[in-house]
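Before any comments, here is the structure.
The values are calculated or read from the model by the stated rules, or taken from the named source; none is laboratory data. Computed from a predicted model, the values in this text were never measured in an experiment. For the accessible areas, the whole protein counts, side chains as well, though only heavy atoms, and no ligand, DNA or RNA atoms are used. Shrake-Rupley method; radii C 1.70, N 1.55, O 1.52, S 1.80 Å.
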Amino acid sequence: MTDTCPRCCRRNVPPRRERTDDTQIRSAYRCPDCGHAWITSRHRSAYPAA
């Protein structure tokens, strides 16, 4: 799953690392343009498998 950088708004930043458990998807990102790093935590039920 990709994300948008909250600092410079670059779209489709791929995660550097991703971890899942029974209820959560946790992803760590670093923007290749501005270097900003952030982490997201999403509920798995909101993102059904394709």
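Counting 0.36 nm for each residue step from ARG7 to ASP22 and taking away their Cα separation leaves a gain of 2.4 nm. Relative intensity of the stretch 8-48 on a log10 scale, I(q)/I(0) at q = 0.16, 0.19 Å⁻¹, equals -0.44, -0.58, per a Debye sum over C-alpha point scatterers of equal strength in the absence of solvent. Here the accessible area is traced with a 1.4 Å probe on the protein chains. For the chain, carbon and sulfur cover 47 percent of it. Protein heavy-atom accessible surface, 1.4 Å probe, per residue over the chain: 77 Å².
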